[in-house]
Each structure stands twice: as structure tokens, then as C-alpha cells.
Amino acid sequence: MKHRIAMRKLGRSSAHRKSMLRTMVSQLLRYERIETTVAKAKELKRLADKVVTIAKENNLHARRKAAEIVRGDDVMHKLFTEIAERYKHRQGGYTRVLQTGQRPNDAAHMAVIEYIDRPGEMRPARPPKVNPLLPQAAQAAVRSTDQPSR
């Protein structure tokens, strides 16, 4: 059992790991898709989703909390204007990790991490699940609220 194990150590000191993940979050926000190892992508997913959740609040405290993680004023602006607006109706799960194969020189398992519901994504998002026990009017309301406005 993995009780009290907070995160992967990734073979780095805590300062190096924190710095690396901050840089990777900033790059993910800038390019919206990056390729890295599977372990790094899984840790990055946790932090990237937290940053988007913070940005959805859009107040001074949220900006300061996000500034602790995100590097660059242009990335902060994109986070609070474009990214937060895109996911304002989504309840989490803003990123997707797709495994791509192995790196040639050291056979490390590689993955692509990207934001979902954006133009040019590798795989489109799945449609929302429909509960067969709901009446037809309620199912239509669920479908209309889950679809992002583009």
C-alpha cells in the first residue's frame, strides 16, 4: 500500500523537482501540448490541473497563488484570460496524458500531455455520459451544459 506517499521524486532533489515542474507547467500553458516521460507527465497533470482551478477564481489571491507556480507574465495573462475562460464550466480533468512509445536512446516511456477541448488536440474529448434514468429534458440540459462554447 502506498500510504503517505505524496508524489514521485523523479530522481531529483526537492528544489530541482519543484523548479522543473514549475517550468513544465509554464511551457504546457504556453504551447498547450508537450512531450515528456510518463512519470513527469503524471506529476505535471496534478499541478497543471491545480493551476487552472486556481485561475478560475480570477481574483487577486488567485493571481498570487498562480504566480507562485507559473513563470512569465505572458503565460499568466494567457492562464487567466484564455485558459480559465475555456474551462469555466468544467469540473476538473483539464489535461490528458497519452503514451507515445519509448525514447530511442534510453528506452524511457514517453507521453504527450495536452489540454483538452482545444483546437488541434490529438484526440477529441469524449461526449458526456447519459444517465438512462433521467428524463429526456434533464438529459438535454446535461448535454448543453457540458458542451464548451467555442
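Taken over segment 116-130, residues that are open to solvent by less than 90 Å² (accessible area, probe 1.4 Å) and modelled with pLDDT under 70 amount to 2. Within segment 132-150, being part of a loop (DSSP other than H, G, I, E, B) and at pLDDT 70 or above holds for Pro132, Leu133, Pro135. Within segment 19-28, the set of residues being open to solvent by 30 Å² or more (accessible area, probe 1.4 Å) and of a type in the set (S, T, N, Q) comprises Ser19, Thr23, Gln27.
Listed here are the residues, each with its yes/no results for (1) touching a strand residue (DSSP E or B) at 6+ places or on another chain (Cβ under 9 Å); (2) of a type outside the set (Lys, Arg); (3) without any contact (Cβ under 8 Å) to a residue 40 or more places away in the chain; (4) surrounded by 13 or more Cβ atoms within 10 Å (Cβ to Cβ).
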position: His3; (1), (2), (3), (4): no, yes, yes, no
position: Gly11; (1), (2), (3), (4): no, yes, yes, no
position: Arg17; (1), (2), (3), (4): no, no, yes, yes
position: Arg30; (1), (2), (3), (4): no, no, no, yes
position: Glu57; (1), (2), (3), (4): no, yes, yes, yes
position: Glu68; (1), (2), (3), (4): no, yes, yes, no
position: Ile83; (1), (2), (3), (4): yes, yes, no, yes
position: Arg86; (1), (2), (3), (4): yes, no, no, yes
position: Arg90; (1), (2), (3), (4): no, no, no, yes
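Condition check for Asp49 on (1) without any contact (Cβ under 8 Å) to a residue 60 or more places away in the chain; (2) open to solvent by less than 20 Å² (accessible area, probe 1.4 Å): one failure, at (2). Taking (1) open to solvent by less than 70 Å² (accessible area, probe 1.4 Å); (2) not in a strand (DSSP E or B); (3) not aromatic (Phe, Trp, Tyr) in turn, Met110 satisfies each apart from (2).
The values are calculated or read from the model by the stated rules, or taken from the named source; none is laboratory data. All of these numbers come straight from a predicted model, not from anything done at the bench. For neighbour counting, all protein chains shown are included, and Cβ atoms are generated from backbone atoms with ideal geometry for every residue, glycine included. Areas reflect the complete protein model, heavy atoms only, side chains present, ligands, DNA and RNA absent. Shrake-Rupley method; radii C 1.70, N 1.55, O 1.52, S 1.80 Å.
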